[in-house]
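Presented below is the structure to which this report refers.
Read the figures in this text as sums done on the coordinates, not as results from a lab. As the structure is a prediction and not an experimental result, all values here were calculated from the model. Note: ideal-geometry Cβ built from the backbone for every residue, glycine included; neighbour counts use all protein chains shown.
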Amino acid sequence: MREKKFVYNLNNAKIIYNAIKSAGINFVIYVPETWTREILKLLLQDKDIEAVNATGEAEAMAIAAGASLGGKTPMVLMEGSGYGTSIYVLSRLGLMHHMSWLIMSSHAGGLGELGFYHWDIRLTAEPLLSTLLIPHCTIQRIDEAETLITEAQLTVEGQKVPMAVLLPHHILWQEAK
Amino acid sequence: MTHFEAVQTIAHRLTNELVVVSVGYTNLELHSVKDRKLNLYAIQMSLATPVAFGLAKAIPSRKVISLDGDGSLLMGLGILSTIATHPAKNLVIVLLDNGCYAACGWYSTGSGRGSDLAGIASAAGIPHVRTVATPQDLASAFDELLGKDEPGFIRAKVESGPQSTVLDQLPLDRLESTFRFRQGLVEEGLVGHWREARLDHYTSPR
């Protein structure tokens, strides 16, 4: 059983931030989220990236859709629970209108999740994305981050659909020393 | 002021603005008066103003108009706070407020029961908010707010009840509308062409 304390993995946050930059993201729309806080802090410090704090995931995705249509390279940063609140915008703007944007979310409820209260995210996040035929991938090893995030953005642009990159517990957290 | 008169008033004043339209009869009306590539039609309820805001952020050199409805805006009021706190200086929201869900059978929205959406926009922090009830006042407010360097919000109070004018269905589906709008942005020099894979992306040693 996991009984130790966990803290944010700052090194991995930096690697993921660098990968976001490499993918060309220049506009981030974010909503309240605990696990990706250190990534967000780096993004907010970057003067080349415009950031908007949306009031909810669906609103964030609609803003990203408009920004993408207008030539920005946007990314929505959110918790995995946000897929459940965004089916409408994903299906309408993403699938019907073929507007496209990158989504990055924590994946509470994924591999190694001890919090029972995250069971809904396990049950909804990946199944919803699969049901909607929205491409998605989970970063299981940090050395895959740059490749997966860069390729995900190319998929967004080439296939003209939203794509999601999921970040599980072992990527965002590490055991406290 | 009828709904159609309000749309006609806005349409006749459009020059090169980008227009994002919510669902419903507004689309048929705008299409009948002034169809253009720079109209993005039929964006679903609650989504038109957020899409317009994202577009305005991406293209700050061009004015962006959200033609929204009261029922639609009420589904996502949070966007007013987002716009107010991350201002897009080139965004004007024109709220066609008939106080009812026109496409669903004319029953009242919260606005029809007394909620003041202009008051909510103002309280959210939108700097320029106007309420108008005649085509003349709408034209005046539209011209005034287009000239501002901050976000604007016009609550255009329009009559409830079925429109007297019967218009043809929109001849574009959602996908055609989106791609046509994108092509319009390309032709205006506002965005580049979509990135596409080309044969010369794949090379092999001779």
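Other protein chain C-beta atoms within 10 Å of residue C-beta, averaged over A:52-60: 6. With the cut-off at 1.5 for a/c, could you classify segment A:16-119 from its C-alpha gyration tensor as rounded, prolate or oblate? Judged from the Cα gyration tensor, segment A:16-119 comes out oblate (a/c at least 1.5, b/c at or above a/b). Classify the protein assembly as shown: rounded, prolate or oblate, from the alpha-carbon gyration tensor (a ≥ b ≥ c, eigenvalue square roots; a/c under 1.5 rounded; otherwise prolate if a/b is larger than b/c)? In terms of gyration-tensor shape, prolate. Among A:Glu38, A:Glu144, A:Glu157, which one moves the most in a GNM of chain A with springs linking Cα atoms closer than 10 Å? The residue that fluctuates most here is A:Glu144.
From most to least packed by mean Cβ count within 10 Å, the peptides B:122-132, B:74-84 give B:74-84, B:122-132. Put simply, the amide H of A:Ile29, placed in the peptide plane, has neighbours under 5 Å in A:Val52, A:Met75, A:Val76, A:Leu77, leaving out anything fewer than 5 places away on its chain.
Cross-link partners for A:Lys47 among the aspartates and glutamates, with Cα-Cα distance under 19 Å and sequence neighbours closer than 8 places in the same chain left out: A:Glu38.
When a/c reaches 1.5 or more, the comparison of a/b and b/c decides; with that in mind, is segment B:29-162 rounded, prolate or oblate per its Cα gyration tensor? Since a/c stays below 1.5, the shape of segment B:29-162 is classed as rounded.
With R₀ set to 45 Å, the beta-carbon distance separating A:Arg141 from A:Lys47 gives a calculated FRET efficiency near 0.90. With a 10 Å cut-off around each Cβ of B:175-184, the average count of Cβ atoms from other chains is 3. Measuring between alpha carbons in the structure, the pairs from A:Lys41/A:Lys72; A:Lys160/B:Lys157; A:Lys160/B:Lys34 lying more than 26 angstrom apart are A:Lys160/B:Lys157; A:Lys160/B:Lys34. Simple spin-label estimate for B:His193 and B:Lys89 gives 3.4 nm between the two label positions (7 Å along the Cα-to-Cβ direction from each Cα). About its Cα centre, the protein assembly as shown has a charge dipole of approximately 560 debye under the convention of +1 per Lys or Arg Cβ and -1 per Asp or Glu Cβ, with nothing else charged. Figure legend: label point modelled 7 angstrom from the Cα of B:Thr134 along Cα→Cβ; residues of segment B:1-15 with amide N under 12 Å from it are B:1. Modelled this way, with points 7 Å down the Cα-to-C-beta line, the labels at A:Thr34 and A:Ala176 are 1.4 nm from one another. Going by Cα centres, segment B:91-112 and segment A:121-149 are how many Å apart? A separation of 38 Å, based on Cα centres. In this structure, the amide hydrogen of B:Ile93, modeled 1.01 Å from its nitrogen in the peptide plane, lies closer than 5 angstrom to those of B:Ser66, B:Gly152, B:Phe153, B:Ile154, counting only residues at least 5 positions away or on a different chain. Were the residues from B:Gln183 through B:Leu167 laid out at 0.36 nm apart, the gain over their Cα-Cα distance would be 3.2 nm.
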